[in-house]
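The values are calculated or read from the model by the stated rules, or taken from the named source; none is laboratory data. Bear in mind the structure is a predicted one, so any value in this text is a computation, not a measurement. Glycine gets a Cβ as well: all are built from the backbone with ideal geometry, and neighbour counts include every protein chain shown. Remember, those area values only see protein heavy atoms, side chains included, never the ligands or the DNA or RNA. Shrake-Rupley method; radii C 1.70, N 1.55, O 1.52, S 1.80 Å.
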Amino acid sequence: MFKIWQIIKYEYRRHVFNKRFLFSLLSLPIMVIAMALAAFIISFFVMDTSPVGYVDRSGVLSSPMPLDIEGDIFNPVFEFLPYRDEAQAQQDLESGQIQAYYVIPEGFPEIRDIELFFTDMPNWTLQNQFRLLILQNLDTFQNLDPQVKTRLQEGSLFTLATVDESREMREDQWFLVITPIIISIIFILTVMTSGGYLLQAVVEEKENRTMEIVITSVTPSQLMTGKTIGNISVGLTQLVVWLIFVWVGLMIGARFWPFLSEISLPGHIIVVMLLIFLPAFVMVAAIMSTIGAVMTEMSEAQQISGLFSLLITIPFYVTTTIMSNPNGTLALILSFFPLSAPITIMMRMAFTTLPTWQIALNVVVLVIIAAFSVWLAGRAFRLGMLKYGKKVSLKDLFGKRELT
Amino acid sequence: MPIINVHNISKRFGETVAVDNLSFAVHPGEIFGLLGPNGAGKTTCIRMILDIFEPDSGEISILGGPMTDDKKNRIGYLPEERGLYQDIPLERCLVFLATLKGMPEKSAASKLTEYLQYFDLYDVRDKKVKELSKGMQQKAQLISTLVHDPDLIIIDEPFTALDPVNTEMVKDILEAKRDEGKAIIMSTHQMNQVEELCDRILLIDHGHLVLYGTLQEIQDRFASRDIFVRPRTPLPAVIEGITEIRQMNGRQLLVLAEDVEPHQVLKTLINQGIEMTAFEVAIPPLNEIFIQVVKKQARDEDV
């Protein structure tokens, strides 16, 4: 146990206390923050703050109560100017004195066809403020049907449901689609990082020619256990740090966009994620160890592992196909092919309801493949040691020949 | 009780016989030379002792039985293929390797300080291993072989890449370890070092045992019937009991006749009033024995 612990510590320390690791750790959040900042700055500079006109034929804004809101640099309070007719408003729109104008029809609120005329689409803040202005002045109509009022205040909410009602999708719950995909991306980056480090760690002994010293100090299983745990811990550190960043980002973001605070993941998705991702993690780690064990040089090992990385990330390249037909042949094939399974399943779960038997079968396949990969890694490692300094061929690896 | 007892071990790789029915023992307090031409099976033999390979047949007892995890901590090994972790500071690398031998980090660090100072590497302990010279790396690797105070030390070509000063340093430390009662197996092609250091040797070729015994025994076995003298006064043209006199690098080589012993010649020379600064029985250098034996082996195989 002492020696395994020493190996774990060594593997963990040399990656985590390394500038390169810190850089890759921080690069993702820094990139996200920079992009968000750039989006802010751009929207700030292109924001049109000129007044907005309206032609009110219904009388709702005949003597309007002004909006009681405070603006900030990203959300300025717009000035709404009344117009007697559309011709005048159109003229001012064309001369640039106003950026848009609304026409409220006679018979509002029973007739709800409020029209908006513009040359460039006004932003969401402006449209929201005009909606608030109208809602605030609804009391002008003294005999308004309370039902109509409620409908106006709450707006519409589309809910799509599957025929058997096993699943619903509300238009304000788009994050249920986005979150599994984002988590898949973070997961896969973590797996790749750990796998890459593990690959490096296994090839290193051969490249540095330290194998004989190490193997006369510890057993092969102690060595591999230490290396695997050490490097997976590096990946998990990265995962945890990124999740903390996401969490902090959501906390901060929620102060500006309240809907962010509603983001949550249903329990069953989390359970499926764990069931899929854990064996997938073991499988990828074992595959990388196998490659590391049979190769003698880092550059070769990286080429081969690149091929596996491609197979793992293939679902990302066919996102649109999976999205438009999550139960199609391609999606099915990819979700039963062990390497592409984790991401495909997460994507399909985002867009459709997976039958339980499919998920169960996927998990079983992954667990079996993961166990097989671990066995193969052990065999490759023993063979790699015997063929010290030489490559192990596929024939050696899968052949029936005895190891010694 | 021997530290290593090898009994009739054999190992094949495919069609090639690497080691063939080899037996020998290594005792505490001796430096044991494992010799042989390239490809003789020395490294395979060492790897079997260290349990990297299993022998196809035969038995190896190490530190009183089969290899165990705990015994690995009592062995120091300097392999033929030198290597250290290149991308980390020297001291961290050595501490890590010492902990793999079961040393707690703290005691490893303090013991390493002593060794780094002895081998003149203390000032470069924070440098990355890859920044060190070949000789420095070799010394560092020797430190990692010795730092956990092993009972059995196995070193393969310990003197390559070392300058004469460092070579002496390494020799001193090996002799000190022998005097402490440690067993040392040294594999090398530098026969002069074997003559200086080894108590007993094993010479193998094509996996077979060719010579095995104390250095003295083996040299005696190969001693020719020659005497070297360095005379101050000219030697007479004919000396009783000598069949031939040859000039060699300022010395004279006297070839003894059958049934004549060296002390009889010495007596004759003194009686004849010859003054000498040297009179020695020509012991063949190990190098010559090595070449002679290996060539004979090759001839025998051809036949």
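Quick look at the numbers
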{"read-out": "Cβ-placed point charges (K, R +1; D, E -1), dipole of segment B:4-220 about Cα centre in debye, nearest 20", "value": "640"}
{"read-out": "Hydrodynamic radius by Kirkwood, which averages 1/r over all alpha carbon pairs of the protein assembly as shown, in angstrom", "value": "33.1"}
{"read-out": "Estimated dipole of segment B:1-108 in Debye, rounded to 20 [Cβ of Lys and Arg +1, of Asp and Glu -1, Cα centre]", "value": "220"}
{"read-out": "Chains A and B, summed buried accessible surface - 1.4 Å probe, Å², nearest 100", "value": "2600"}
{"read-out": "Number of partner chain Cβ atoms within 10 Å, mean per residue of A:213-223", "value": "6"}
{"read-out": "Gyration tensor verdict on segment B:34-99 (Cα atoms; rounded if a/c is under 1.5, prolate if a/b is larger than b/c, oblate otherwise)", "value": "oblate"}
{"read-out": "Probe 1.4 Å, protein heavy atoms only - accessible area per residue of segment A:172-398 in square angstrom", "value": "44"}
{"read-out": "Among B:226-237, A:281-292, A:366-377, the order from most to least packed when residues are scored by Cβ within 10 Å on average", "value": "A:281-292, A:366-377, B:226-237"}
{"read-out": "Alpha-carbon centroid distance for the pair segment A:19-71 / segment B:10-70, whole angstrom", "value": "76"}
{"read-out": "Other protein chain Cβ atoms within 10 Å, averaged over every residue that makes up A:4-10", "value": "4"}
{"read-out": "Prolate/oblate/rounded label for segment A:51-156 (Cα gyration tensor, a/c 1.5)", "value": "oblate"}
{"read-out": "³J(HN,Hα) computed for each position of segment A:51-65 - Karplus, 6.51 cos²θ - 1.76 cosθ + 1.60, integer Hz, glycine/proline x", "value": "x, 10, x, 8, 10, 9, 9, 9, x, 4, 10, 5, 9, x, 7"}
{"read-out": "Under 17 Å from the Cα of B:Lys128 - aspartates and glutamates, other chains or at least 8 residues apart", "value": "A:Glu11, A:Glu204, A:Glu205, A:Glu207, B:Asp87, B:Glu91, B:Asp120"}
{"read-out": "Packing-based order for A:193-204, A:20-31, using average beta carbon neighbours within 10 Å, highest first", "value": "A:193-204, A:20-31"}
{"read-out": "Accessible area in the full protein assembly, largest first, 1.4 Å probe, for B:Val265, B:Val165", "value": "B:Val165, B:Val265"}
{"read-out": "Longest site-free stretch - chain B; sites: GluC sites (Glu not before Pro), DSSP loop, at most 12 other Cβ within 10 Å", "value": "B:16-179"}
{"read-out": "Using distinct alpha-carbon pairs, which all enter the 1/r mean, Kirkwood radius of segment B:224-281 in Å", "value": "11.2"}
{"read-out": "Average beta-carbon neighbours from other chains, 10 Å sphere, peptide A:187-197", "value": "0"}
{"read-out": "Solvent-accessible area of A:Trp247 with every protein chain in place, 1.4 Å probe, in Å² to the nearest 10", "value": "150"}
{"read-out": "Among beta bridges that DSSP assigns inside chain A, antiparallel share in %, nearest 5", "value": "45"}
{"read-out": "Carbon/sulfur fraction of accessible area - segment B:224-281, other protein chains in place, 1.4 Å, %", "value": "48"}
{"read-out": "Chain B - share of DSSP beta bridges that are antiparallel (%, nearest 5)", "value": "65"}
{"read-out": "Solvent exposure, largest accessible area first (probe 1.4 Å, DNA, RNA and ligands not counted), of A:Phe336, A:Phe187", "value": "A:Phe336, A:Phe187"}
{"read-out": "Anchor A:Lys227: lysines whose Cα lies under 19 Å away (excluding residues fewer than 8 positions away in-chain)", "value": "A:Lys3, A:Lys9, A:Lys206, B:Lys101"}
{"read-out": "Most to least accessible of B:Val95, A:Val364, B:Val129 (protein chains only, probe 1.4 Å)", "value": "A:Val364, B:Val95, B:Val129"}
{"read-out": "Angle in degrees between helix A:356-386 and the longest Cα principal axis of chain A, rounded to the nearest 10", "value": "40"}
{"read-out": "A:Asp56 - accessible surface, heavy atoms, 1.4 Å probe, Å² rounded to 10", "value": "40"}
{"read-out": "Rotationally averaged projected area of chain B (alpha carbon convex hull; nm²)", "value": "20.2"}
{"read-out": "Farthest toward positive dipole pole in segment A:15-94 [+1 Lys/Arg, -1 Asp/Glu at C-beta], among A:Pro29, A:Asn18, A:Val77", "value": "A:Asn18"}
{"read-out": "Options A:Ile232, A:Gln358, A:Ile41, ranked by Cα towards positive dipole end of chain A, top entry (Cβ charges)", "value": "A:Ile232"}
{"read-out": "Highest-MSF residue in chain A out of A:Asn208, A:Asn325, A:Asn231 [GNM, Cα springs under 10 Å]", "value": "A:Asn208"}
{"read-out": "When each of B:Lys127/B:Lys182; B:Lys72/B:Lys106; B:Lys134/B:Lys296 is checked by Cα-Cα distance, pairs over 29 Å", "value": "B:Lys127/B:Lys182; B:Lys134/B:Lys296"}
{"read-out": "Selection from A:Ile111, A:Thr210, A:Thr150 lying farthest towards where the dipole of the protein assembly as shown points positive, charges on Cβ", "value": "A:Thr210"}
{"read-out": "Segment A:100-130 and segment B:121-190: distance between their alpha carbon centers, rounded to Å", "value": "86"}
{"read-out": "³J(HN,Hα), Karplus 6.51/-1.76/1.60, whole Hz, each residue of segment B:88-100, x for Gly, Pro", "value": "10, x, 3, 5, 5, 4, 5, 4, 4, 5, 5, 5, 5"}
{"read-out": "Table column - 3J(HN,Hα) (Hz), segment B:161-173, Karplus curve with 6.51, -1.76, 1.60, x for Gly and Pro", "value": "6, 9, 7, x, 5, 5, 4, 4, 4, 5, 4, 4, 5"}
{"read-out": "Protein accessible area in segment A:172-398, 1.4 Å probe - carbon and sulfur %", "value": "74"}
